[in-house]
Each structure stands twice: as C-alpha cells, then as structure tokens.
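This report concerns only the one structure given below.
The values are calculated or read from the model by the stated rules, or taken from the named source; none is laboratory data. All figures in this text were calculated on a predicted structure; none of them were measured in a lab. Here Cβ is always computed from backbone atoms with ideal geometry, including for glycine, and neighbour counts include all displayed protein chains. These area figures cover heavy atoms from the full protein model, side chains too; ligands, DNA and RNA do not enter into them. Shrake-Rupley method; radii C 1.70, N 1.55, O 1.52, S 1.80 Å.
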Amino acid sequence: MTGIRKYRRIARATVCIAAAGLIAAMGACGSANTTASNTSGSLHVVASINQWGSVASQIGGSRVNVTNIINSTAVEAHDYEPTSADIAAFSKADVIIVNGAGYDSWATKAAASTKAQVVNAAESGGKHDGDNPHVWFSAAVRTATAKAIAEAYEQRDAAHAKEYGKRLDAWQNKEKTLESAIAEAKRRLDGKKYAATESVAAYLADDLGLTDATPAGYAQAVANESEPASGDVATFSKQLQAGSVALLVVNTQESNATTKQLIASAQHGGVHQVKLTEQMPKQYSTLTDWMTALVASFATAGKA
C-alpha cells in the first residue's frame, strides 16, 4: 500500500542478518522501544509485540518479568528494525514469544540465536509462513498460544507449574467469555459480506461468520505488499458506492490516498466501517479486552 510497504521483503532480510550478528555481542541494557511489566518476577520473558506480551503477563503473574519490544500503534511490526538494546533483551530471556508466520522475522531470527524457550504463536496454532500472519485475531490461535506459553513457563520453572496452570485456567475462562460474545455476534453477522482495506482482521471476521467480498485483484496486490492496480481500486470503490457489502474493515495504521478513497466510497454507499489497528492500542491492558471491544464494534456496525 504505502511506499515503505513495497520494500518490506528487502528490509526484513537486512534486519534478520543484522539481528543474527548483533545478538551474540550485546550486553544487558535498556531500550526506548521496550516496556516491561511484573518487575518482581523471576523469569525474564520477551515478547515481540504487546498483544502476546499481555497474555504472557496474565499467565505468568508475579513470577515473570515481561518485556514487550513493540507497544505502539504508531510502529509497523513488519518493518521494525530492532535496536542493539532489543537484541540484548532477547539474549537475556528465559522465554521468548514471537508471532511468527513472517510477521516479525527479525524477532524469530533473534530468538533462534538464544538458549531461551521459544513460543511461536503462529506455529502453536498451526499457521506458517505464507498464511495470514495476524494470528492474534484467531480464537484458536489465541488458545493454543496461551497453552504454549504456560508450558514454556513450566519447563523453565517447574517448581511453580501449578501456579502457571491456575493462571492459564483463569485466562481460558476469560477467553471463553470472549468466545461467547463472538458466538452471540455471529448470530447477527453470519453470512453478511464485508470488504477490507487489508486482511488484518480476517481471522476474526471468519470467527464471526462474515464472508470476505474484497475484490480479488485488490486483495492479492495488498497480500503481495504491492500497490493495487488503478482498475482494482476502481472496482473496489464501485462496490462500496453501490453498498454491495455490509461492512468495510479499515486498518488505520495504513492510511494513504487509496484507503481514503475507499473510505469515501463506503460513506457514499452507506457502508458501515469497523476501524482497527494491527498493534494493540494503549487503552487495552490485555488481548482479551481488545478483542472483546472489536467484537462489539463488528456487532454494532452489522446491526444496520
């Protein structure tokens, strides 16, 4: 979509090489790009993105010290270049949580060079490179990753295995409440058509029973991280202006002339919008809370 996104593949390869070279040499230090929680904990945990870091904190409680490398919706995880301090954080970790599926290749490469217990969220949920990497939007992947995190803690700190198990149970109870909300929203949304400026929330849309009607040419171009052809954009705009879909899902972290055109077309056609971000907004302390709010947004937009 944007000029920066065109060069993601080159940037990722360069960052991965740099991360691999730096990790062996770095000492312990802080980073302006990281935040930590539960500082009284005994296990050092590093998460590439804050949504998985929130799950790590919930399951670890006071037994873990979680550092999130990316915490802001102003940061694009695909293109992130880790600092030497970030690499140092990886090198000290007992447990590392990466998203995987090519979303944070810089983190996956850095984690592979450590002796830490590594949890790959995508792989935990059966997703791999080439699949939609925004796996935290999937109920199945969230559940699988939470379990994998608890197991990683138990392997590194067997003495407190029961405590981690209890916290996992508590997390699962909250996730079940979220899944009930998804089921309720699905009763209203099932079968309705939606389109998206990017396939960020595709897993959540699937869980809600929505049907993706994004024009194929546009969707393929965005998936390949290239500029959509003008004809594909025109087709998409006409679809929205005609009100052929119930919802338009907008990733507000990627705003450009094309997305602005699509938003204007949706407004013209009376298509309701659900606006969201890739990274967890700062007003939410947990991934579950964020997903619950998004489900409510989809349900409200789909009432019309």
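Applying the criterion of being open to solvent by 10 Å² or more (accessible area, probe 1.4 Å) and within 25 Å of E81 (Cβ to Cβ) to the residues of the stretch 121-133, the residue that is nearest to the chain's Cα centre (by Cα) is P133. Among residues of the stretch 130-145 that are farther than 14 Å from I182 by Cβ and among the hydroxyl-bearing types (S, T, Y), those with a Cβ under 8 angstrom from a residue that is outside any helix (DSSP H, G or I) and modelled with pLDDT of 95 or more, sequence gap 6+ or separate chain, pair up as T145/I97; T145/V119; T145/G125. Just one of the numbered conditions (1) surrounded by 15 or more Cβ atoms within 10 Å (Cβ to Cβ); (2) in contact with a Ser or Thr (Cβ under 9 Å, 6 or more places away or on another chain); (3) within 27 Å of N71 (Cα to Cα); (4) not basic (K, R) is not true of Q273: (2). Restricting A205, A266, A201, A301 to those that are among the hydrophobic types (A, V, I, L, M, F, W, C), open to solvent by less than 20 Å² (accessible area, probe 1.4 Å), within 30 Å of N173 (Cβ to Cβ) and more than 21 Å from the chain's Cα centre (by Cα) reduces the list to A301.
Among the residues of the stretch 281-288, none qualifies, meaning not one is of a type outside the set (S, T, Y), closer than 21 Å to A219 by Cβ and touching a residue at least 60 places away in the same chain (Cβ under 8 Å).
In the stretch 75-94, which residues are open to solvent by 30 Å² or more (accessible area, probe 1.4 Å) and free of Cβ contacts under 8 Å to residues at least 60 places away in the same chain? Result: T83, single match.
Within the stretch 146-180, the residues that satisfy the criterion of being open to solvent by 10 Å² or more (accessible area, probe 1.4 Å), among the hydrophobic types (A, V, I, L, M, F, W, C) and under 22 Å from Q51 (Cβ atoms) are A148, L168, A170. Of the residues screened, V118 is one that is β-branched (V, I, T), open to solvent by 50 Å² or more (accessible area, probe 1.4 Å) and within 19 Å of the chain's Cα centre (by Cα).
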